[in-house]
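The values are calculated or read from the model by the stated rules, or taken from the named source; none is laboratory data. No experiment lies behind these values; they were computed from the predicted model shown. Cβ placement follows ideal geometry from the backbone for every residue including glycine, while neighbour counts extend to all protein chains displayed. The accessibility values were calculated without ligands, DNA or RNA, using every heavy atom of the protein model including side chains. Shrake-Rupley method; radii C 1.70, N 1.55, O 1.52, S 1.80 Å.
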Amino acid sequence: MKIVIQLFCLLIASNLFGQKFSSAIELTKDSDTTFWYGYHLKNIEKINLIKPDSDTDFLRVSSSRYFLEISPIANRMVFYANELWKGVQTGESFIKSYDLTAQQVSDIKQLYKKLDVQKIPSDKFIKSWQQGFDGITYIIEEKSHKLYAFKNYWTPSAQYEFDESRRILAFTSTIEEIVDYSSKWKEFQREIPFYGWTYNGSLIVLKVIVNTKEYRKYKRKKNRQLRDKKLQ
């Protein structure tokens, strides 16, 4: 039964990949789109980031909480949260973008080259890489002309130390230091206007509710939206 499910997932992923990409785009052999690509592309479209089949080259690093994108068009770190009301996503999102400085971009590019990240395959091709249900998955994409790489790595910090895990952990953690991720993340959280939200479906946050006039107005609005959504 497990084999059948895996084959079914592979078929779905294959169809998604074929539908979304031009035949002119070549996927690298060490990429893995099986379980992440379809959902990932929806978020890219929502946030208006560069699509893999565009004419623009880019390097993108993302997790369940942010997208970091380096390209000739823009260099930025983007945070987003999807609103939740009564356990249902309303379709509304809060998105905040921070531009990267020229020095930050240079440091990230040098780090990428120094650690030879480009040559590390997606984690499913690394025998020593362990998987789990909790933790955080990092996705690293690189588009160069017609060649596109899509690689994911489940919780580098949870792996016992070996070459690939050390390099991916060093890359992701050092990037967050370079861009001052922690302070940007805290600022973003303070500005989220929702009473409940989720980051990429992986983490749910609910504010402590105070029964104020503002909250009651918000509640009526959201209940009305929820009723309208059910009637559609």
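When the pairs Lys96/Lys186; Lys114/Lys184; Lys29/Lys109; Lys42/Lys127; Lys42/Lys113; Lys124/Lys151 are compared against a 18 Å limit on Cα-Cα distance, Lys114/Lys184; Lys29/Lys109; Lys42/Lys127; Lys42/Lys113 fall above it. Under the criterion of Cα pairs below 8 Å and six or more residues apart, the relative contact order for segment 131-189 equals 23 percent. Projecting the Cα atoms of Ser173, Gln189, Ala149 onto the dipole axis of segment 23-231, where Lys and Arg carry +1 and Asp and Glu carry -1 at the beta carbon, places Gln189 farthest toward the positive end. A simple spin-label model places pseudo-atoms 7 Å from Cα toward Cβ; at Ile73 and Tyr215 they are separated by 4.1 nm.
Shown for segment 23-231: the carbon plus sulfur share of the solvent-accessible area, taken with all protein chains present and a 1.4 angstrom probe, equals 51%.
Extending 7 Å from Cα along the Cβ direction at Ser182 and again at His145 yields two label points whose distance is 4.2 nm.
Applying both filters, DSSP loop and at most 14 other Cβ atoms within 10 Å, to the trypsin sites (Lys or Arg not before Pro) of segment 124-208 gives Lys127, Lys146, Lys207.
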